[in-house]
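Each remark here refers to the structure printed beneath this line.
The values are calculated or read from the model by the stated rules, or taken from the named source; none is laboratory data. Since this is a predicted model, take the numbers as computed values, not measurements. Here Cβ is always computed from backbone atoms with ideal geometry, including for glycine, and neighbour counts include all displayed protein chains.
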């Protein structure tokens with residue numbers, strides 16, 4: 001009997017043992033998941049890099065657009081000023097041509113009490129009033145407030161008056177944009193020092209211009225309601 005049990009124990013010991021460490025379907029699945037995770041990580045990284053590059057390019061594009069817009073605005077402003085100057089010169093030349101044509105057809109003289117200079121007639125008012133009153137009076141006489149077109153004309157006007165005198169210049173439509181009453185922009189400038197300043201008047205907003213009494217040559221802006229004489233001008 002003892003031999004039998006001994007054989008049984010030996011038989012048990014001789015049974016093959018099975019290992020639990022093995023590679024199979026579960027291990028392959030784990031490796032596949034790891035590849036997917038790494039791929040998604042790389043994709044996210046490249047997407048982030050792409051977004052950063054796009055953001056930098058977009059910021060650069062905005063700066064370039066702003067610089068281009070500023071350059072276009074400056075060029076437009078320059079072109080507008082040049083256009084105004086050309087328009088003023090054209091208007092002046094057209095007026096001079098019309099005067100010469102009229103004078104060539106017929107020798108004309110100015111009405112009584114009017115004086116002539118360079119084919120135009122001038123009249124200094126006898127009374128004083130506001131800028132609008134002066135213009136109305138000139139229109140009633142078939143004329144308008146004087147538009148000064150040359151330094152020679154300015155020098156002639158100072159022989160007519162020794163007092164503050166309205167001229168046909170104002171910025172009523174747009175502050176700081178001075179125009180003559182015939183619509184032409186201001187090219188010939190004869191402002192006094194620190195003028196125009198749109199301030200310092202007890203009458204309020206300074207939108208109209210007069211020849212100063214201090215030197216009878218320079219101009220000053222003042223309220224249109226101020227009272228002074230005016231100079232009318234017309235073609236005979």
(request) Could you please find all residues in segment 150-184 being over 19 Å from residue 135 (Cβ atoms) and outside any helix (DSSP H, G or I)? (result) 150, 158, 159, 162, 175, 176
(request) Note down all Cβ pairs under 6 Å where the first residue falls in segment 201-218 and is farther than 22 Å from residue 232 by Cβ, the second is modelled with pLDDT under 85 and not in a strand (DSSP E or B), and they're at least six residues apart or on different chains. (result) 206/198
(message) Just to be sure I understand the filter: pairs with C-beta atoms under 9 Å, separated by 6 or more residues or on different chains, first member in segment 102-115 and assigned by TED's automatic domain parsing to the domain that holds residue 160 and more than 19 Å from residue 159 (Cα to Cα), second member surrounded by fewer than 10 Cβ atoms within 10 Å (Cβ to Cβ) and at pLDDT 75 or above. Which pairs pass?
(response) none
